[in-house]
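Engineer: The structure under discussion is supplied below as structure tokens; questions concerning it will follow.
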Amino acid sequence: MLLFAVNVSAQKITSADLQVTGLTCSMCSNATQKSLETLGFISSVKPDLNKNIFVLTFKKDADINLDLVRKKVQDAGFSVGGLTASFSFNQLKVDEKGQAIVDGNVYRFVNAKNKTLNGTVKASVVDKNFISGSAFKKQATTANSDAYASGTGLINGKKTRIYHLSIS
Amino acid sequence: MALIILCARITVSGQELYVFTEPASNMPTKSIGVRITNEGMFNYPGYVSRTIPEVMFGFNKNLMAHAQAFLSDMDGKYRLEGGSIYAKYRFLSLDEAHSHFRASAFGRVSTSKRPTYTKDINLEGDNSGMQGGLIFTQLLHKLALSATLGYAHAFENQARQIAGMPRPNNMLSYSLSSGYLVLPITYKDYKQPNFNVYLELLGKTDPSSGQSYLDVAPAVQMILNSKTRIDLGYRFQATGDMEGRYTKNMYLVRAEFNFFNVLK
């Protein structure tokens, strides 16, 4: 029980830099900002209008769903060009396939295996629709994960979302 | 090298919030836009104007719709002359960091109480009918180009026809639009006004007679507080003609207000 409680508070995403593509006017950025602000687990959205980057800060202990972040950008009519999140890991073991499971979230690292991650780790989501279409195609040729194309795979016999991360 | 730096400095972004046409891109999901447009024509032979209140809905990232009403003094007293429903579906999006290509299909159904004094078909006020078409928009960092191809069919209008009046039937329409973001050069916050300039080529061909015209339509646009849009445009007939066409040498003034995340 104690172990479980420690896990929940110790493993989380604190913030993320979200690059949005196709934004050409402040009205487009404003629509994206307003769309992101409807997510309950986001505490603040700070835009860099010149670079089309939104710095997202997440609520403490909230369930953070990066797919919903992507969906909100798409709802506004645009696409995610990149999402780099600050993860806070507590002695996270990455196995020989680059896989690690944190509070039910399954991560596969494309550039880390057989190691332990601790403290703040910055990593980019490299799944489909989190990077540009051409970058995804390029990544797909080198990714050694059977779950990369779909972003889902069988974990303990259950179809599960698998986020592919690249440590920056 | 110096040239590259210079180019980077004077780079302006493309804009696709066209004044006389629609881009292939859609408005945001769950948002509502309200527009009021005034069009004025000077060679009716006298001056006449049309007012178009319009409500726009973003249902999801791919589907949006407009509902319009048309009021004008073109047949005497200012009156409500009809309405129109327009829907647009985006079926292709290829987004890259500094460019995107999008394609949409659209359809329109319009009613109008006006008699038909010309074979030209204008489903925004002058004719009852329907239209379908395709829009392709390419954003290339500093240039936003859009092409529209449409085919319109006017409904029979026996009741309001006077003997000898032209009978509009079908109309092919096509346009090429470009837009530039002029200001701000550097974005700082949402309160900064945006200033955009547009140049559009608007053409129509009557397939039965082969008659065509092509208008050149420059426009300027201000975006205030990142939610209010003001358009000012004028269309000049550059080449060709169609007897009695209304939209020849016409100005357009528009205000648009956007409300984000208001639909459930």
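Engineer: Would you confirm whether any residue within segment B:124-140 is of a type outside the set (Ser, Thr, Tyr), surrounded by fewer than 21 Cβ atoms within 10 Å (Cβ to Cβ), within 14 Å of another protein chain (Cβ to nearest Cβ) and over 25 Å from B:Glu256 (Cα atoms)?
Structural biologist: yes
Engineer: Out of everything in segment B:93-110 that is touching a residue at least 24 places away in the same chain (Cβ under 8 Å) and over 18 Å from the mean Cα position of the chain (by Cα), what residue ends up being surrounded by the most Cβ atoms within 10 Å (Cβ to Cβ)? Give the derivation first.
Structural biologist: Step one: of segment B:93-110, the residues touching a residue at least 24 places away in the same chain (Cβ under 8 Å) are B:98-110.
Those left that are additionally over 18 Å from the mean Cα position of the chain (by Cα): B:98-101.
On the way: B:His98: 16, B:Ser99: 17, B:His100: 24, B:Phe101: 16.
If we take residues in segment B:93-110 being touching a residue at least 24 places away in the same chain (Cβ under 8 Å) and over 18 Å from the mean Cα position of the chain (by Cα), then B:His100 is surrounded by the most Cβ atoms within 10 Å (Cβ to Cβ).
Engineer: Same structure again: Inside segment A:10-66, can you point out the residues that are away from chain B (no Cβ under 14 Å), within 20 Å of B:Asp189 (Cα to Cα) and at pLDDT below 90?
Structural biologist: Listed by number, the list is empty, since nothing qualifies.
Engineer: From the list B:His100, B:His66, which one is at negative phi, within 9 Å of chain A (Cβ to nearest Cβ) and either in a strand (DSSP E or B) or out of contact with any strand residue (DSSP E or B) (no Cβ under 7 Å at 6 or more places or on another chain) (or both)?
Structural biologist: The match here is B:His100.
Engineer: Hey, among the residues in segment B:40-56 that are of a type in the set (Gly, Ala, Ser) and outside any loop (DSSP other than H, G, I, E, B), which one's farthest from B:Gly83 (Cα to Cα)?
Structural biologist: B:Gly40
Engineer: Let me ask another. So, B:Glu200, is that one away from chain A (no Cβ under 14 Å), at pLDDT below 95 and on the phi < 0 side of the Ramachandran plot or not?
Structural biologist: Details: away from chain A (no Cβ under 14 Å): yes; at pLDDT below 95: no; on the phi < 0 side of the Ramachandran plot: yes.
It is false that B:Glu200 is away from chain A (no Cβ under 14 Å), at pLDDT below 95 and on the phi < 0 side of the Ramachandran plot.
Engineer: Taking the condition hydroxyl-bearing (Ser, Thr, Tyr), in a loop (DSSP other than H, G, I, E, B) and modelled with pLDDT of 90 or more, does B:Thr21 pass? Spell out the reasoning first.
Structural biologist: Values: hydroxyl-bearing (Ser, Thr, Tyr): yes; in a loop (DSSP other than H, G, I, E, B): yes; modelled with pLDDT of 90 or more: yes.
Considered against the rule, which asks whether it is hydroxyl-bearing (Ser, Thr, Tyr), in a loop (DSSP other than H, G, I, E, B) and modelled with pLDDT of 90 or more, B:Thr21 comes out as yes.
Engineer: Find all pairs meeting these conditions: Cβ atoms under 9 angstrom apart; at least six residues apart or on different chains; first residue within segment A:132-155 and under 12 Å from A:Val110 (Cβ atoms); second residue assigned to a loop (DSSP other than H, G, I, E, B) and of a type in the set (Lys, Arg).
Structural biologist: Listed by first residue and then by second, the contacts come to A:Asn144/A:Lys97; A:Ser145/A:Lys97.
Engineer: From the set of residues in segment B:234-255 that are surrounded by 20 or more Cβ atoms within 10 Å (Cβ to Cβ) and out of contact with any Leu (no Cβ under 9 Å at 6 or more places or on another chain), which is farthest from the other protein chains (Cβ to nearest Cβ)?
Structural biologist: B:Met242
Engineer: Any idea which of (1) free of Cβ contacts under 8 Å to residues at least 60 places away in the same chain; (2) closer than 26 Å to B:Gln221 by Cβ is the one A:Val94 doesn't satisfy?
Structural biologist: Looking at each condition in turn, A:Val94 falls short on (2).
Engineer: Have a look at A:Ser150, A:Ser124, A:Ser134 and point out the one that is buried (at least 17 other Cβ atoms within 10 Å of the Cβ), closer than 30 Å to B:Met27 by Cα and among the small types (Gly, Ala, Ser).
Structural biologist: Every option except A:Ser124 fails the conditions.
Engineer: List the number of the failed condition for B:Thr116; all other conditions in (1) surrounded by fewer than 20 Cβ atoms within 10 Å (Cβ to Cβ); (2) more than 14 Å from chain A (Cβ to nearest Cβ); (3) modelled with pLDDT under 90 hold.
Structural biologist: The failed condition is (1).
Engineer: Okay, next question. Regarding B:Gln158, is this residue polar (S, T, N, Q), within 14 Å of another protein chain (Cβ to nearest Cβ) and farther than 23 Å from B:Glu54 by Cα?
Structural biologist: Working: polar (S, T, N, Q): yes; within 14 Å of another protein chain (Cβ to nearest Cβ): no; farther than 23 Å from B:Glu54 by Cα: yes.
No: the conditions fail for B:Gln158.
Engineer: Does B:Asp231 fit the bill of being within 18 Å of B:Tyr180 (Cβ to Cβ), part of a strand (DSSP E or B), touching a strand residue (DSSP E or B) at 6+ places or on another chain (Cβ under 7 Å) and more than 11 Å from every other protein chain (Cβ to nearest Cβ)?
Structural biologist: yes
Engineer: Okay, next question. Checking A:Val110 against (1) in contact with a His (Cβ under 9 Å, 6 or more places away or on another chain); (2) of a type in the set (A, V, I, L, M); (3) within 10 Å of another protein chain (Cβ to nearest Cβ), which test does it fail?
Structural biologist: With (1) in contact with a His (Cβ under 9 Å, 6 or more places away or on another chain); (2) of a type in the set (A, V, I, L, M); (3) within 10 Å of another protein chain (Cβ to nearest Cβ) applied to A:Val110, the lone miss is (3).
Engineer: Within segment B:56-88, track down each residue that is under 20 Å from A:Ser35 (Cβ atoms) and not small (Gly, Ala, Ser). Full working, then the answer.
Structural biologist: So in segment B:56-88, the residues under 20 Å from A:Ser35 (Cβ atoms) come out as B:56-65, B:88.
Answer for segment B:56-88, where residues must be under 20 Å from A:Ser35 (Cβ atoms) and not small (Gly, Ala, Ser): B:Met56, B:Phe57, B:Phe59, B:Asn60, B:Lys61, B:Asn62, B:Leu63, B:Met64, B:Lys88.
Engineer: What number of residues in segment B:24-55 are within 14 Å of chain A (Cβ to nearest Cβ), under 23 Å from B:Leu134 (Cβ atoms) and touching a Gly at 6+ places or on another chain (Cβ under 9 Å)?
Structural biologist: Here the count works out to 6.
Engineer: Between residues in segment B:163-189 that are of a type in the set (Val, Ile, Thr) and residues that are surrounded by fewer than 14 Cβ atoms within 10 Å (Cβ to Cβ), which pairs lie under 6 Å by C-beta distance while being six or more apart or on different chains?
Structural biologist: Hits for this filter: B:Thr186/A:Asn50.
Engineer: Is it fair to say A:Val80 is in contact with a helix residue (DSSP H, G or I) (Cβ under 7 Å, 6 or more places away or on another chain), aliphatic (A, V, I, L, M) and away from chain B (no Cβ under 14 Å)?
Structural biologist: Against the criterion (in contact with a helix residue (DSSP H, G or I) (Cβ under 7 Å, 6 or more places away or on another chain), aliphatic (A, V, I, L, M) and away from chain B (no Cβ under 14 Å)), A:Val80 does not qualify.
Engineer: Here is a list: A:Thr120, A:Thr116. Which entry is closer than 21 Å to A:Asp63 by Cα, at pLDDT 90 or above and of a type in the set (Ser, Thr, Tyr)?
Structural biologist: Of A:Thr120, A:Thr116, the one residue that is closer than 21 Å to A:Asp63 by Cα, at pLDDT 90 or above and of a type in the set (Ser, Thr, Tyr) is A:Thr120.
Engineer: Applying the selection to segment A:76-125, what residues are of a type in the set (D, E, K, R) and either within 30 Å of B:Asn62 (Cα to Cα) or outside any loop (DSSP other than H, G, I, E, B) (or both)?
Structural biologist: Step one: filter segment A:76-125 for residues of a type in the set (D, E, K, R), giving A:93, A:95-97, A:103, A:108, A:113, A:115, A:122.
Selection gives A:Lys93, A:Arg108, A:Lys115, A:Lys122.
Engineer: Also, I was wondering about something else. Just wondering, is there one or more residues in segment B:80-91 that are β-branched (Val, Ile, Thr), assigned to a strand (DSSP E or B) and in contact with a strand residue (DSSP E or B) (Cβ under 9 Å, 6 or more places away or on another chain)?
Structural biologist: Yes: segment B:80-91 contains one or more residues that are β-branched (Val, Ile, Thr), assigned to a strand (DSSP E or B) and in contact with a strand residue (DSSP E or B) (Cβ under 9 Å, 6 or more places away or on another chain).
The values are calculated or read from the model by the stated rules, or taken from the named source; none is laboratory data. Keep in mind that this is a model prediction, so the values were computed, not measured. Note: ideal-geometry Cβ built from the backbone for every residue, glycine included; neighbour counts use all protein chains shown.
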